[in-house]
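Report on the structure given below.
Read the figures in this text as sums done on the coordinates, not as results from a lab. Since the model is a prediction, treat every value here as computed from it, not as a measurement. Cβ sites come from the backbone with ideal geometry, for glycine too, and all protein chains shown count toward neighbours.
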Amino acid sequence: MQRRVALVLATAVAFATLAGTTHAASPVFDVNRDFYPYYPSLIKWDKSTLDFTPPSVCQGCHEKQYKEWTGSVHQLAFQDPVYQGELNKAVKAVGHEISRQCEGCHSPAGVVTGEIKGPGNAGLSEMALAGVSCDICHSVSGTTHWQTPSHEPENGSFILAPGAETKDGPRFVKRGPFTPSAECGGGFHDCVESPLHLQADLCASCHQVYHYDAHFPLEATYLEWKHGPYAQRGILCQDCHMVETQAFLKAADQFAKPQRGEYRHFFNGANYLLSYLAAGAARKAGNQEQAESSMKQYAMAVDRLKSAASVEIIPNYHKGELTELQVRVKNLRAGHNLPTSLTNVRQMWLEIVAKDEAGRTILNSGQAGPDGSLPANARLFNSDGIGEDFHFAVDPWVVTSFSRHDTIPPRGYKDVHYGVPPLKGVKKLNVEVKLRYRQADQKLAEALLKAVPKDIDLKKTYGLTAVPPLPVVDMAVQKVAVTPRQPGR
Ligand code: HEC
Ligand code: HEC
Ligand code: HEC
Ligand code: HEC
Ligand code: HEC
């Protein structure tokens, strides 16, 4: 017995030593801190004497791309008040180091230059505020996906090289999809043809988010895509998120790649709320044109959500009597799981109401209350995060596993079964099912917006005095009349 205790102790000491040298919570997923100087962000900076270039400079020659990108979720990634609220909480909870991890994806330039010292916008340069801007993506010269702890893309595992030293002195180098012409760069930058920009690997390192220390995959959009049918047939993130709605529908339905001229810089996904807030801010600032363009972004996100899924009601009978309603939810057009990314924050759920011909409610599930809260019986498709203690948690520095991870794979479906009580004397059952979506639980959104750093004035910038009920999008709706007795029996 005593020998066993000694052995356990020795093992514990060995592990502690290992953890001490690597600063990783796991001896399997070892981190090389010399290779990754910005850890817990895995960005690398291939430094030259040239600085990053803010988007207003690129705008001078690339007005079209600039207009599309402005108001996108990428442009807003750092200033996003929801992000700033969470960042503020993170730094208070675990100290400054974690903010390098967050900003590595939300404002990479601000991390490598060391300009961003904490939450808040005050005093920051245009480049730091610009989030995921032109000179981030077009300065990516490579990735270190194979050298990361998981040997997969994660936590910003790309290399930034905005400039290079040449025999003619330092030169800006921008990387893009084309074989450059002689005029490329207009004398301002050199051009390099980059196959990486035509691969999902460019997006991957920011769209795989791991816990900053425990290394748990909190968001896994890239791997969901990689292990699904779209990746196998060459339909990339860009083919759905860098095109207008029509081209996206073709890519999703027919696996048809968009033409080169069809690519746009909107990067719209599901986050209609952020576009909505941005439109409000633009209106308050008197920029009507930007307000309109943000509302266009809003409409595109809603369109994408409305085309992502379908719902179907299947009545099931036992001995001729209706006993259950089966609802099938199909992921028709999301290239990854539905929902994806922040699956423990986003809410996608089924609302079902069945009434008899007199309008009496027979079955009812998933209706939000007046305060925006969902009833306990609502069928959600999402995950629940938990901490080391198995207690429910939302904050990304606490969540180290999921108690439940229940999303729908690409081109897959899930069935939900609702039992029907005996229907004496009922001739017809009118059933309506909705698949509904919102960015977060009402209380959570309120808590995050309350936590924004002091220099962000929600009233002055966004016109918000209180958090209104979060808007809900109906992704799919189906109405049918069902007979309580099996037809033909
Ligand atoms: C590996 C890159 C990466 C890291 C690291 C990262 N994020 Fe994010 N974050 C993302 C992506 C991508 C999204 C968008 C996901 C989506 O829309 O579902 C996002 C979304 C968010 C959102 C939701 C914003 C909204 O408007 O709904 C918040 C809040 C957030 N991140 C906070 C943080 C904080 C705080 C940290 C650090 C503890 C962090 N993130 C670290 C990539 C990252
Ligand atoms: C999230 C990464 C990302 C950001 C941010 C980004 N781009 Fe791009 N850009 C791309 C990708 C990927 C392509 C290639 C699209 C394709 O397949 O043709 C591209 C293509 C281009 C092209 C070639 C022509 C075209 O439109 O396809 C130009 C020019 C360009 N981007 C400029 C910009 C400018 C200017 C900004 C900022 C206002 C910007 N980009 C922001 C990823 C990005
Ligand atoms: C002085 C004008 C000028 C400025 C400023 C400028 N560019 Fe360009 N850029 C050009 C021209 C001209 C081309 C070639 C024609 C085209 O694609 O529009 C080009 C092409 C590109 C391409 C396509 C390269 C390829 O081979 O696929 C990218 C990407 C790009 N620029 C990014 C940027 C970014 C990012 C900035 C800001 C950091 C920027 N440019 C600033 C003039 C400029
Ligand atoms: C440097 C990191 C980074 C890179 C590279 C990157 N993204 Fe993002 N992306 C983010 C962050 C951070 C957010 C979320 C910002 C927020 O919500 O505050 C985001 C948001 C998005 C969204 C919007 C999600 C929503 O909820 O609506 C889409 C779509 C998207 N990215 C697609 C792409 C595509 C396609 C590429 C590759 C061409 C790419 N991203 C490359 C960091 C990145
Ligand atoms: C076949 C089309 C398709 C492909 C390919 C695709 N997506 Fe999406 N994506 C969608 C649709 C539709 C939605 C909206 C429904 C949803 O939230 O999943 C979406 C939503 C998103 C969101 C927002 C999630 C949220 O709830 O806020 C992010 C982030 C995103 N995609 C990133 C990516 C990245 C990164 C890739 C590549 C690894 C990718 N997508 C590939 C169609 C696609």
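At-a-glance table
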item: Paramagnetic reach from ASP371 (point 7 Å along Cα→Cβ, amide N under 19 Å) across the range 422-458; result: 440-451
item: Cβ-based net charge around GLU357, under 12 Å, with every Lys or Arg adding one and every Asp or Glu removing one; result: +3
item: Cβ-defined net charge surrounding PHE267, 15 Å radius [Lys, Arg +1; Asp, Glu -1]; result: -1
item: Length-normalised contact order for the chain - Cα pairs under 8 Å, 6+ apart - percent; result: 14
item: Fewest-first sequence of LYS44, LYS284, LYS64 by Cβ atoms within 10 Å of each Cβ; result: LYS64, LYS284, LYS44
item: Environment charge at ILE456 (Cβ cut-off 15 Å; Lys +1, Arg +1, Asp -1, Glu -1); result: +2
item: Mean Cα-pair separation over length for the range 309-482, i.e. relative contact order, pairs under 8 Å, 6 or more apart, %; result: 29
item: Vicinal HN-Hα couplings computed from phi for the range 63-80 (Karplus, 6.51 cos²θ - 1.76 cosθ + 1.60; Hz; Gly/Pro x); result: 4, 5, 4, 4, 4, 5, 5, 4, x, 6, 4, 5, 5, 8, 3, 8, 7, 2
item: Sorted by Cβ neighbour density within 10 Å, fewest at the top, the residues GLU219, GLU193; result: GLU193, GLU219
item: Nearby lysines by direct alpha-carbon distance to LYS47 (threshold 30 angstrom, same-chain neighbours under 8 apart not counted); result: LYS64, LYS67, LYS117, LYS167, LYS174
item: Cα centroid separation, the range 330-403 to the range 261-305 (Å); result: 26
item: Ranked list, fewest to most other Cβ atoms within 10 Å of each Cβ, for MET348, MET300; result: MET300, MET348
item: Helix-derived mean residue ellipticity, 222 nm - over the chain, DSSP H n ≥ 4, -39500 (n - 2.57), to 500; result: -8500 deg cm²/dmol
